[in-house]
1. Relative to a virtual label point 7 Å from the Cα of A:V196 in the Cα→beta-carbon direction, which members of the range A:37-51 show backbone nitrogen distances below 20 Å?
2. Just checking the output field for B:69-78: average partner chain Cβ neighbours within 10 Å of each residue's Cβ?
3. Suppose R0 equals 56 Å; then what is the FRET efficiency for B:D117 and A:T120 from their Cβ-Cβ distance, rounded to the nearest 0.05?
4. Can you pull the percent of Cα pairs in the range B:88-157 with separation above 18 Å?
5. Quote the convex hull volume per residue of chain B, based on C-alpha atoms, as a whole number of Å³.
6. Which of the GluC sites (Glu not before Pro) across the range A:100-169 are loop residues per DSSP, with 16 or fewer other Cβ within 10 Å?
7. Which value, in Å² rounded to 10, gives the accessible area of A:S241 with a 1.4 Å probe and all protein chains present?
8. Over the range A:132-277, how many percent of alpha carbon pairs lie in each 5 Å bin up to the one with the longest distance?
Amino acid sequence: MAGLTPDLLAMQVFAGLALGAVYVLMALGMSLLFGMLTVVNFAHGAFYMLGAYGAVALLGYGGNFWVCLFFIPLAVGLVGMAVERVLIRPLYGRGIDYPLLLTFGLAYVIVELVRIGFGTEDLPFDTPAALTGAVNIGIGYFPLYRLFVIAVTGVVLVGLWLFLERTSYGLIIRAGARDPQIVRILGIDVGRVWLVVFGIGTGLAALAGLLAAPLQGASPDMGDSILAIAFVVTVVGGMGSLLGAVLAGLLVGVVVSLTSLVAPEAAQVAVFVLMAVVLLVRPQGFFGRAGLMS
Amino acid sequence: MPRDAMLTVEGLQAWYGSSHVLQGIDLEVARGEIVCLIGRNGAGKTTTLRSVMGLVARVRGRVVFDGADLVGRPVHARHARGLGYVPEERRIVQGLSVRDNLRLGLLAAGGRRREADAIAAMAEIFPRLAERLDQSAITMSGGEQQMLAIARALISGPRLLMLDEPSEGIMPLLVDEMFDLLRRLREEGTTILLVEQNVELALGIADRAYILDQGTVVHHDTAAALLADAAIQERYCAV
Ligand SMILES: Nc1ncnc2c1ncn2[C@@H]1O[C@H](COP(=O)(O)OP(=O)(O)O)[C@@H](O)[C@H]1O
Ligand SMILES: [Mg+2]
């Protein structure tokens, strides 16, 4: 354990924040969908993967990373909206298990389609040239791209916060996440709001997948493990709580990062141990409402 | 019998899953009336209001409001026609300020009223809210939260206001204040359909009342006649 200097630990915490940023983007969308629509979206990992493959495709047609960063979340968000309108909408009001099973099946379909289109092999994904290298962050050299991931997530969080806090739509979403029925009673056409929420959720998943691609490449099943972690984050943060998703996402990122330092093979297990401990102490998660699932 | 019916409910049946909760409700509310639904716990009062608002998935029968049958129409379409609903247990939105709760009530109106004017108008009717506009709604007492729930339903200018047990769990002083307010609203032209456990209070304010039992209307009369009829009250309303 001689190598465990404070600086190394600090670096690892920082790396955890970059990892956590990706979890946050995933969990925000899942938490929104659950809070407002009571949809447990098992296809969220597939939308994440679509973010990466969408970029692979767009880069193949001569697009660059920056174009992808803008268009891919938008395009995948639109796909998400189509899915909501056509597949999920007929299932509202039928209980939580219908959309759950549907999205579970949808994930398989999306993954298989990508296998057919792009092959089953992992595809490499280059870090954009402007973001290669490392910068000194005071405690040591840190990969520039990871800083970029943290920064983009920060910008997205600020944007999302402004949208939620400063717009009428945001007010409806905040209220709807706590009490969807009140929003209906007050005469708001929730169908339109749910469509937008689905678009935002799936768009954020795509952004997460796109940002993760330069770190780990693209593979058809890249969404599987992140889906499991994003579930943990959502549960630990409290289903339906956005602030909870952010804090729990960063926490889980740091836990994974620190565990990999001492026992890489235990990193995934550590995440579930964390969840078990949090749920034992606080069954509704950090900021969840008690009894939401009952 | 009312002459100028605003709301007519005919043969209304409702189900929760396979349980047949409303088994044919008939009632009428005339323009400018206060009509009260009374009856024991579980009689179907809440379900009647929820069905009129469009919140119950499986219903049959007719719900005619201002000449149009609403059955099958979405909740927002009913709201747009002038139905307002204050559900039981207040249901103010916990994380929001008093002002945001009020704004929420206004959003469906789609800019028909200027926000500042509408909030100022509510603040005038509800002085207790005026002092607390920027406070988080959960910091208020139960009675104040109920006032907020009513203001939130009123702010979009409904023509028929439905209230489900507004006095539940509220201290007597505020209950009196609230019922005074309902009288004033009626004087200013709002028609009211009220569900109320406190029978004396309800009959004191209502023009007419319907007594529900096991999903049907078992009796209806003017409030004055019902108030005088101890036997009926004993039979259907004793808790
Ligand atoms: N969501 C629900 N699911 C199943 N049964 C319900 C539900 N809500 C109410 N009920 C049942 O329907 C009946 C009428 O309830 P309700 O309309 O709430 O009565 P009231 O408001 O007069 O007390 C009761 O027997 C109640 O148990
Ligand atoms: Mg009731």
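The values are calculated or read from the model by the stated rules, or taken from the named source; none is laboratory data. Remember, it's a predicted structure, so these values are computed and weren't measured experimentally. Here Cβ is always computed from backbone atoms with ideal geometry, including for glycine, and neighbour counts include all displayed protein chains. Note: accessible area is taken over every heavy atom of the protein model, side chains too, but ligands, DNA and RNA are not part of it. Shrake-Rupley method; radii C 1.70, N 1.55, O 1.52, S 1.80 Å.
1. Residues A:37-39 qualify, since their backbone N sits under 20 Å from the label point.
2. For peptide B:69-78, the averaged partner shielding equals 3.
3. Values: r = 62 Å, r/R0 = 1.11.
In this case the efficiency is close to 0.35.
4. Numbers: 625 of 2415 pairs.
In whole percent, the share of Cα-Cα pairs in the range B:88-157 beyond 18 Å is 26.
5. It comes to 122 Å³ per residue, whole-number rounded.
6. Here the sparse-neighbourhood loop sites are A:E121.
7. The accessible area of A:S241 comes to roughly 20 Å².
8. 2, 8, 13, 18, 19, 16, 11, 7, 4, 2, 1, 0
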